[in-house]
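Here is the structure we will look at, set down as structure tokens.
Throughout, read-outs are computed from the coordinates displayed, never taken from laboratory work. Everything quoted here is computed from the prediction, not taken from an experiment. When we count neighbours, we look across all protein chains shown, and the Cβ atoms used for this are built from the backbone with ideal geometry, even at glycine.
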Amino acid sequence: LESLDKAHLWHPFTQMQGWQRSQPLIIERAEGCYLYDLEGRRYLDGVSSLWVTTHGHRTPELDAAIRHQLDRVAHTTLLGLTHAPAIELAAKLVQLAPPGLTRVFYSDAGSTAVEVALKIAFQYWRQRPDPRPRKTKFVHLRESYHGDTVGAVSVGGIELFHEIYRPLLFEALTAPEPHCYRCPLKLERPTCGMACAEELGRVLADQADDIAAVIIEPIMMGAAGMLAQPEGYVRRVRELCTQHDVLLICDEVATGFGRTGWMFACEAEGIAPDLLCIAKGLTGGYLPLAATLATETIYAAFLGEAGDFKTFFHGHTYTGNPLACAAALANLALFEQNNTLQHVRAIANYLAEQMDRLRPLRLVGDIRQRGLMVGIELVADRATRTPFPPEQLVGYHVTNRCRDYGVLLRPLGNVIVLMPPLAVSTAQIDELIDALQTVLTEIEP
Ligand code: PMP
């Protein structure tokens, strides 16, 4: 298998972080929070198989729900047809989502949920019933990540992506990200008065007639390096969007479905966006499914005659796949049955306590946590917050060594990401932190 993998598989992000140097583990099976390789070695899935696993691998209720649906229909289109899993899931999502989000548009990946939100926002301003300006621009936070399709990259902040694909991308406006450990405005909390939000406000005030929407990852930016936002930031962004008549898109692809201790991170700030993007944890880590939720006001602007310009021209083949919808319904039922949100809050407190063991270590610069979403930033010098040079691949070396101790983690540059399944136990948190503490102590200068 190894040689066939080398010969034929084109792995995502192959050259980044030195991953090309190590042969990917061949995973044969999984159970609960663990993955097993061909030799039967066990690994704690410390990143929930890329931030998706909620109740664990091979959860009997999810397995059964998929089998049950498999005996009915595995796939049918939503173009002109419909089916119970898609309908029931849409109703459930509306019930769980922040208030006012009443329409569910299915797709199949986080990036696509973002593309859909951007296209809906763009088209909404074009065809609103009243003669307001045609707003066409988007604002994003400088370091944000919203996916790797062309539209999502356009509103993302990864410089390397922009360098390569620039001619394909549309231009977007930016605002400084709230990142208190490395404030882009070189200010300090709380005397800064959340100047980053006010900076966003200035961008909106200057070009309110042109801006269709602001897109943010609420309360914590994920792939940018787990950047936790100060309390009140998202609320202020909501206020500013309302004040300037600009739509707010919340990308909860990473933060959604209990990850932060709330079903959706927006709830932590008591706000509702106009468009909400969800994916990852939606099916509990089983099948690809995503959705963009919209308000009734937005949906109403798309009600026209069949085939006219009010049609929303988007609809992929596997949109709202019945097996994936059935998995999502079972996943959400388990949230209630297992009191998952309560568990996440308790276990997140336990994780915070255990991470206190890491704080004194010389390499540990900053620990950023929202529920079971954690970034540990490793630095060359704690006093000056000097980052390690990227070519040293410190994050990669740490996670690679953790793998030897049976714990799978993922680096984002020099930030170590901890995103265990929501069902993780205290013993498994110990296992995870033990491995990290050992490795960080081993490589301490
Ligand atoms: N938005 C956010 C906030 C994400 O974290 C991700 C994936 N890491 C995406 C969008 C893209 O999702 P996908 O990889 O499923 O396309």
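Given Cα pairs under 8 Å that are at least 6 residues apart, what percent is the relative contact order of the chain? Don't skip to the answer; put the middle values down first.
On the way: 848 pairs, mean separation 97.7, N = 445.
The normalised contact order for the chain reaches 22 percent.
Along the charge dipole of the chain, which of N338, P12, P99 sits closest to the positive end, that is, farthest toward it, with unit charges on the beta carbon of Lys, Arg, Asp and Glu (+1, +1, -1, -1)?
P99
Using a Gaussian network model on the chain with a 10 Å cutoff between Cα atoms, which of P421, P60, P176 fluctuates the most?
Top of the fluctuation ranking is P60.
Using +1 on the beta carbon of Lys and Arg, -1 on that of Asp and Glu, and nothing else charged, what's the dipole of the chain about the Cα centre, debye to 20?
Dipole magnitude for the chain comes out near 260 debye.
Picking from N400, C183, T242, whose Cα lies most toward the positive end of the charge dipole for the chain (charges on Cβ: Lys, Arg +1; Asp, Glu -1)?
Of the listed residues, the answer is T242.
Among A195, A254, A423, which one moves the most in a GNM of the chain with springs linking Cα atoms closer than 10 Å?
Of A195, A254, A423, the most mobile in the Gaussian network model is A195.
Dipole of the range 64-337 (Lys/Arg Cβ +1, Asp/Glu Cβ -1, origin at the Cα centre): which of N321, T283, T136 lies farthest to the positive side?
Farthest towards the positive end: N321.
Out of the DSSP beta bridges found with both residues in the range 64-337, what percent are antiparallel (nearest 5)?
45
For the chain, what does the helix formula give at 222 nm: sum of -39500 (n - 2.57) over DSSP H segments with n ≥ 4, over the residue count, nearest 500 deg cm²/dmol?
It comes out at -10500 deg cm²/dmol, rounded to the nearest 500.
Restricting to DSSP loop positions (anything but H, G, I, E, B) with no more than 12 other Cβ atoms inside 10 Å of their own Cβ, which GluC sites (Glu not before Pro) remain in the range 217-258?
Values: sites: E231, E239, E252; in loops: E231, E252.
Passing sites in the range 217-258 are E231.
Among R259, R403, R370, determine the one that fluctuates most according to a GNM of the chain built with springs between C-alpha atoms less than 10 Å apart.
Looking only at R259, R403, R370, the biggest GNM fluctuation is shown by R403.
So if each residue of separation counts as 0.36 nm, and I subtract the Cα-Cα distance between H75 and L303, what length gain in nm does that give?
On the way: separation 228, 0.36 × 228 = 82.08 nm, distance 2.72 nm.
So the extension gain works out to 79.4 nm.
Taking 7 Å along the Cα-to-C-beta vector as the label spot, tell me the E231-K119 distance in nanometres, rounded to one decimal.
Modelled inter-label distance: 4.1 nm.
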